[in-house]
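The values are calculated or read from the model by the stated rules, or taken from the named source; none is laboratory data. This is a predicted model, so every value here is computed, not measured. Positions of Cβ are backbone-derived with ideal geometry, glycine not excepted, and every protein chain shown enters the neighbour counts.
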Amino acid sequence: MNYEPVLTARIGVVDPACLHDYEAHGGFQALARAVELGPDRTVAQVEAAKLLGRGGAAFPAGIKWRAVHNAEGPKFVVANADESEPGTFKDRILMEKDPYALIEAVILAGYATGAGKGFIYVRGEYPRAYQRLRQAVARCYEAGYLGKDILGSGHEFHLELRRGAGAYICGEETALFESIEGKRGYPRLKPPFPTEAGLFGRPTLINNVESLVSVLPIVLRGPDWFNSIGPANSPGPKLYSLSGRVRKPGLVEAPMGVTLRELIEAHGGGVSGSGEFQAALVGGAAGVFLGPDQLDTPLDFHSLAKMGAALGSGAVIVFDTSVDMMQVLERIAAFFAHESCGKCYPCQLGTMRQRDIIARMVAGQGRPGDLALLRDIGQTMRDASICGLGQTASSAILSAFELQLT
Amino acid sequence: MTSDQTLALEPDQERALQTLMRRYRGRGQSALLPMLHEVQAITGWVDEPTARAVAHTLGIPEIEVHNVLTFYTLFYTEPVGKRVIRVCNDIACVLAGNGELIQRLAEELGVDPETGGTSADSRFTLELHPCLGHCERAPFLMLDEEPMGPVAPDQVPDLLGGVS
């Protein structure tokens, strides 16, 4: 437990509105260091850190940074701040309490990849984060961190904020591009991947807020430091959004791979309600339930993947034994039926069928074969949906039946 | 898809809208979401003539404006109350007992607790919303852009009464 927070070190310490306060607490030192290193060696630091994307997909960030760095012509950097996975609030707190860190990280990414323009796409339901960032961007222009010749590097970089408008699907990276382009947030078929043809058809680096903010200490302290935290194959500090039936819900920064038990007991103050643990939903609505036998599971990308689960965004919602899990499943099923964008049929129809079946089970009108039908629908959505929404829409529900929580 | 009703704007709202239109003239499709956010901040919702004006201002087909208006839940093509209350109706808030909060709000406003709706005096619209990302403050709601949580049901009268 002797872990010193890094990503959240300034939270509650600095005045989020004050650029000088940010500078006085280590702000813009990573950008200065990157300019000393030069673009190529800065990208190499991200590669050597083995940073895995914190938005949910755990894709190696270094691969994206290198690909966009190597690409020719106009290119973009996009911060995916459309945090909408149920149970997830880590990026909101980073943006509200330490907005300059995200801005510095985006500028740094622009410098390293050679992009001249960046966007931060902030969830529509996060007005406070948007206002704080907006004010911070204006201050960064005044102070010369944005615009021409940033820190004497000769690099020109501009940053624009965008607000989402209430669509979970826009957290999917290609749907997010469509939204910035002024269209419905329908995901695109991949390939081509964003690093080749992303925003406005140009090579684009898109990373989650926490991933970008993680690059600042990587550049300042070096990849060896990053690799010294957590397991070797998913290293680094990690933010966990802890909620539900725990005594102290909130944002937790811990070394990647903290166990579920430690998260609940040491950070969350223990299970509330009946006081007895029933299950935890890890990774949000797109995640998987873990039961009492899995309390010692390390919450890192690889350990969870090995058991068919996923860390996702790092959301952990805890349920005590008094919770009726069928009602939770009903909520999850309704969520996906509402948020499916309707572009591809497996997801559009599958999420609706799933909702209907769960609803009739809740109403005591379940039919023989319903569970087999749910599995069949889930398999179809996993295999045939074009994006992560449909591919994960059945995972929590099927895992609950697997664990016999219902 | 848009309502048959049209906006009844005050002169200062009209002026603000005209200023906005000048600022966005010819900026193209990528400016559509930012512009609609700004339009709605003035008008509350977007009627047919305003949607058409947005299309002409940006220089894009009207269908593109309709596509976007009808896709995103934060854009409204029907009249809404002066203030919008979005109550989070997702897992952490359900666990924290948001049902009672929704029930109380619905009673005070005279709307259906299952679906939400707009009060008869058009002062408030109640919406049940997927996870609003404030799970550590459950049960949570947003009064327009102001985050509030945790909110107890007996705070509801004060909350509604304190709003102009």
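Which is more than 14 Å from chain B (Cβ to nearest Cβ) and within 21 Å of the chain's Cα centre (by Cα), of A:Ala396, A:Ala310?
Exactly one residue qualifies, and that residue is A:Ala310.
The set of residues in segment A:219-270 being in a strand (DSSP E or B), in contact (Cβ under 8 Å) with a residue 24 or more places away in the chain and within 12 Å of another protein chain (Cβ to nearest Cβ) consists of A:Tyr240, A:Ser241, A:Leu242, A:Ser243, A:Gly244, A:Val246, A:Leu251. Residues considered: A:Lys90, A:Lys64, A:Lys97. Of these, the only one that is closer than 21 Å to A:Glu253 by Cβ, surrounded by 22 or more Cβ atoms within 10 Å (Cβ to Cβ) and basic (Lys, Arg) is A:Lys90. From (1) in contact with a Gly (Cβ under 8 Å, 6 or more places away or on another chain); (2) buried (at least 21 other Cβ atoms within 10 Å of the Cβ), pick out the condition that doesn't hold for A:Tyr145. Going through the list (1) in contact with a Gly (Cβ under 8 Å, 6 or more places away or on another chain); (2) buried (at least 21 other Cβ atoms within 10 Å of the Cβ), A:Tyr145 breaks only (1). Set side by side, the residues A:Glu23, A:Glu83 differ, and just one is in a loop (DSSP other than H, G, I, E, B) and either in contact with a Ser or Thr (Cβ under 8 Å, 6 or more places away or on another chain) or under 30 Å from A:Ala138 (Cβ atoms) (or both), which is A:Glu83. Filtered by the rule that a residue be within 14 Å of chain A (Cβ to nearest Cβ), among the aliphatic types (A, V, I, L, M), touching a helix residue (DSSP H, G or I) at 6+ places or on another chain (Cβ under 7 Å) and touching a residue at least 40 places away in the same chain (Cβ under 8 Å), segment B:91-131 gives B:Ile91, B:Ala92, B:Leu128. Of all residues in segment A:10-20, those being over 19 Å from the mean Cα position of the chain (by Cα) and either under 23 Å from A:Trp225 (Cα atoms) or among the hydroxyl-bearing types (Ser, Thr, Tyr) (or both) number 1. For A:Ala115, indicate whether it is in a helix (DSSP H, G or I), buried (at least 24 other Cβ atoms within 10 Å of the Cβ) and either of a type outside the set (D, E, K, R) or under 20 Å from the mean Cα position of the chain (by Cα) (or both). Considered against the rule, which asks whether it is in a helix (DSSP H, G or I), buried (at least 24 other Cβ atoms within 10 Å of the Cβ) and either of a type outside the set (D, E, K, R) or under 20 Å from the mean Cα position of the chain (by Cα) (or both), A:Ala115 comes out as no.
Here the condition is being outside the structural domain of A:Val282 (by TED's automatic domain parsing) and part of a helix (DSSP H, G or I); of A:Val77, A:Val68, A:Val13, A:Val6, it holds for A:Val68 alone.
Can you find a residue that is within 14 Å of another protein chain (Cβ to nearest Cβ), part of a helix (DSSP H, G or I), free of Cβ contacts under 8 Å to residues at least 60 places away in the same chain and closer than 24 Å to B:Ala96 by Cβ anywhere in segment A:340-352? Scanning segment A:340-352, I find no residue that is within 14 Å of another protein chain (Cβ to nearest Cβ), part of a helix (DSSP H, G or I), free of Cβ contacts under 8 Å to residues at least 60 places away in the same chain and closer than 24 Å to B:Ala96 by Cβ, so the answer is no. Residues in segment A:271-291 that are touching a Leu at 6+ places or on another chain (Cβ under 9 Å) and either buried (at least 23 other Cβ atoms within 10 Å of the Cβ) or not in a loop (DSSP other than H, G, I, E, B) (or both): A:Phe277, A:Gln278, A:Ala279, A:Ala280, A:Leu281, A:Val282, A:Gly283, A:Ala286, A:Gly287, A:Val288, A:Phe289, A:Leu290. Among the residues making up segment A:253-275, a single one is more than 14 Å from A:Val318 (Cα to Cα) and either outside the structural domain of A:Leu304 (by TED's automatic domain parsing) or of a type in the set (Val, Ile, Thr) (or both): A:Val258.
Just so you know, in segment B:144-155 the residues that are within 11 Å of chain A (Cβ to nearest Cβ) and assigned to a strand (DSSP E or B) include one that is farthest from B:Asn89 (Cα to Cα), and it is B:Glu146. In this entry, B:Leu36 is excluded by the filter for residues that are under 19 Å from A:His338 (Cβ atoms), within 14 Å of chain A (Cβ to nearest Cβ), part of a helix (DSSP H, G or I) and not β-branched (Val, Ile, Thr). The residues of segment A:26-64 that are in a helix (DSSP H, G or I), of a type in the set (A, V, I, L, M, F, W, C) and under 22 Å from A:His302 (Cα atoms), listed by number, are A:Val46, A:Ala48, A:Ala49, A:Ala61, A:Ile63. Under the condition of being within 13 Å of another protein chain (Cβ to nearest Cβ) and part of a loop (DSSP other than H, G, I, E, B), the residues counted in segment B:81-90 number 2.
For segment A:355-401, which residues satisfy the criterion of being more than 15 Å from A:Asp324 (Cβ to Cβ), assigned to a helix (DSSP H, G or I) and in contact (Cβ under 8 Å) with a residue 60 or more places away in the chain? Those that are more than 15 Å from A:Asp324 (Cβ to Cβ), assigned to a helix (DSSP H, G or I) and in contact (Cβ under 8 Å) with a residue 60 or more places away in the chain: A:Gly388, A:Leu389, A:Thr392, A:Ser395, A:Ala396, A:Ser399.
Pairing each residue of segment A:10-35 that is in contact (Cβ under 8 Å) with a residue 40 or more places away in the chain and more than 24 Å from A:Glu156 (Cα to Cα) with any residue that is of a type in the set (Val, Ile, Thr) and in a helix (DSSP H, G or I), provided the two are 6+ apart or on different chains, yields C-beta distances under 9 Å for A:Ile11/A:Ile93.
Looking across segment A:135-172 at every residue that is in a helix (DSSP H, G or I) and closer than 24 Å to B:Cys131 by Cα, the one that is farthest from the other protein chains (Cβ to nearest Cβ) is identified as A:Gly171. The requirement of being within 21 Å of the chain's Cα centre (by Cα) and either surrounded by fewer than 23 Cβ atoms within 10 Å (Cβ to Cβ) or not charged (D, E, K, R) (or both) is satisfied by A:Val122.
Say we look at segment A:195-209 and pick out the residues that are within 14 Å of chain B (Cβ to nearest Cβ) and surrounded by fewer than 24 Cβ atoms within 10 Å (Cβ to Cβ); which of these is nearest to A:Pro235 (Cα to Cα)? Taking the candidates together, the pick is A:Arg202.
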